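Please treat every number below as a calculation from the coordinates, not as lab data. Predicted, not measured: the structure shown is a model, and the values here were computed from it. As a convention, Cβ positions derive from the backbone with ideal geometry for all residues, glycine included, and neighbour counts pool all protein chains shown.
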Amino acid sequence: MATVDVVDTQNRKAGQVELAPGIFEVQVREHLFHAEVRRQLARRHRGTHSTLNRSGVSGGGIKPWKQKGTGRARQGSIRAPQWAGGGAVFGPVPRDYAFSLNKKTRRAALCAALSQRYKEGAVIVVAPLALGEYKTKRVAEWLSQLGCAGQSVLLVVDERDEKLSVSARNLPRVSLLQVAGLNVYDVLRHQKLVIAVDAVAAIEARLSKISRHGAEARS
């Protein structure tokens, strides 16, 4: 079982914590990243684009001219696609882009993402990761002390901290998530993963719960 140093916000060692090998030391399979990130981004795609086909365009209830004898091409309706202002052909219509992956695949993808960050030495466990005031400057100082200045950072906490959340959101390239919202896309798009020490156990409990439910479903 891997261990990492627990540091305070001044980057001074405050102890050690063990990381579950089934979560932070699994085989990194990049095809799982692709599948899960596609799923996440597809769910965010609103799909509200819409066009009018010839039945939705107003006007054009009769033929614009008779079929023969005018010297012009035959036409049935000014709502036809070849007319300016006519209906669109096979245009986009409102739709849902979301698709599903099973829990086992999603869990494997998240564990692989966490394992990759751990292998890169990009996981920092901090105690305590809490802020007693609304102060963006203090969060910036913390990140600088932790060696994260100028890098994209994902802060992971167990429970919502309103003051920390509001202070961190003013910093560019810094995001904050609770354990319940931890996901592959955000782990991969940030260079550093700063985890509160109490969130480590919460991450392991969440992913172990998913794994247990999957095993129960198969039995």
As a percent rounded to 5, the proportion of antiparallel DSSP bridges among beta bridges in the chain is 30 percent
Taking the Cα centre of the chain as the origin and placing charges on Cβ (Lys, Arg +1; Asp, Glu -1), which of A199, L176, S55 is farthest toward the positive end of the dipole? S55
Which of V37, V157, V166 fluctuates most in a GNM of the chain (C-alpha springs under 10 Å)? That residue is V166
Between their Cα atoms, which of K103/K163; K135/K192; K13/K192; K13/K135; K137/K192 are more than 26 Å away from each other? K103/K163
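Give, rounded to the nearest 20 debye, the magnitude of the charge dipole that the chain has about its Cα centre when Lys and Arg contribute +1 at Cβ and Asp and Glu contribute -1 at Cβ.
So the magnitude is around 1980 debye.
Would the stretch 5-45 count as rounded, prolate or oblate if I go by the C-alpha gyration tensor, calling it rounded below 1.5 in a/c and otherwise prolate when a/b exceeds b/c, oblate otherwise?
Values: a/c = 4.51, a/b = 2.02, b/c = 2.24.
It is oblate, given that a/c is not under 1.5 and a/b is not larger than b/c.
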Cα shape, the stretch 51-91, gyration tensor, a/c 1.5 rule: prolate
May I ask which residue of A20, L164, F99 lies farthest towards the positive end of the charge dipole of the chain, with charges of +1 (Lys, Arg) and -1 (Asp, Glu) on Cβ and the Cα centre as origin? F99
Give the aspartates and glutamates whose C-alpha is closer than 14 Å to that of K104, dropping any in the same chain fewer than 8 places away, or say none. E36, E216
Could you work out which residue, out of A122, A202, A149, moves most in a Gaussian network model of the chain, that is, has the largest mean-square fluctuation with Cα springs under 10 Å? A149
Listed residues F90, F24, F99, most fluctuating in the chain (Gaussian network, C-alpha, under 10 Å): F90
If you average the C-alpha positions of the stretch 43-114 and of the stretch 9-32 separately, how far apart do those two centres end up, in angstrom? 47 Å
Is the C-alpha gyration tensor of the chain telling us rounded, prolate or oblate? Criteria: a/c under 1.5 is rounded; beyond that, a/b larger than b/c is prolate, otherwise oblate. prolate
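Okay, helix-only estimate at 222 nm for the chain: each DSSP H run of n ≥ 4 adds -39500 (n - 2.57), divide by all residues, round to 500 deg cm²/dmol; what do you get? Write down the numbers at each step before the final one.
On the way: 7 runs with 81 residues, N = 219.
The helix contribution divided over the chain gives -11500 deg cm²/dmol.
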Of the DSSP H helices in the chain, the ones reaching 27 Å or more along their long axis in Cα terms and averaging at least 1.0 in Kyte-Doolittle hydropathy are none
